[in-house]
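Worksheet: one structure, shown below.
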Amino acid sequence: MITHMGHRVFEAANGHDALGFLSMHPDIDVILLDMHMAHLDGFAVLAWLRSQPAFREIPVVCVSAHALREDQEKALQAGANGYVVKPYRRRDLIAALDAVLLDAGALAVGSSIAPV
């Protein structure tokens, strides 16, 4: 979906691969983080990201099938900037990404990652 909007997307098969990729490519604008991955779950990845100066400020939007408010609050308290519940609608994902990128100063007010 994001690729079809004209953005580059990199995928990792699991939490361990995600950390390996990020270590080699620290110039990421935003991270979509599945909370349930093999080897390292989203909370472990998020904790590592927030402990590293190079990744501390990168916006992270967590993606999970857990829709309870407590689950969302736990992710936000762990350092996530946004949270999207699966299955999600395109507009919900875009809104979450726009919000965290706007807060990070990586997106101008009134603009969107989605093409017009």
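Some observations on this one:
- Surface share of carbon and sulfur [accessible, 1.4 angstrom probe, percent] for the range 43-93: 51
- Leading residue at positive end of dipole, the chain (Cβ point charges), from Leu107, Ala80, Met24: Leu107
- log₁₀ of I(q)/I(0) at q = 0.16, 0.17 Å⁻¹ - the chain, Debye sum with one point per alpha carbon: -0.74, -0.84
- Loop-located GluC sites (Glu not before Pro) across the range 51-116 with a Cβ neighbour count of 12 or fewer within 10 Å are Glu57, with loop assigned by DSSP.
- The label point for Lys86 and the one for Val109, both projected 7 Å from the Cα toward the Cβ, are 3.6 nm apart.
- For the range 1-47, applying the loop criterion from DSSP together with a ceiling of 15 other beta carbons within 10 Å to the chymotrypsin sites (Phe, Trp or Tyr not before Pro) yields Phe10.
- On full extension, the segment bounded by Ser51 and Ile2 gains 14.9 nm, given 0.36 nm per residue less the C-alpha separation.
- Applying both filters, DSSP loop and at most 11 other Cβ atoms within 10 Å, to the trypsin sites (Lys or Arg not before Pro) of the range 27-116 gives Arg56, Arg89.
- Long-range amide H partners of Asp29 with built H, under 5 Å: none
- Average accessible area per residue (Å²) across the chain - probe 1.4 Å, nucleic acids and ligands excluded: 61
The values are calculated or read from the model by the stated rules, or taken from the named source; none is laboratory data. Predicted model, so just to flag it, every value in this text is computed and none were measured. All Cβ positions, even for glycine, are placed from backbone atoms using ideal geometry, and neighbour counts span all protein chains on display. What goes into the accessible areas is simple: the full protein's heavy atoms, side chains included, and nothing from ligands, DNA or RNA. Shrake-Rupley method; radii C 1.70, N 1.55, O 1.52, S 1.80 Å.
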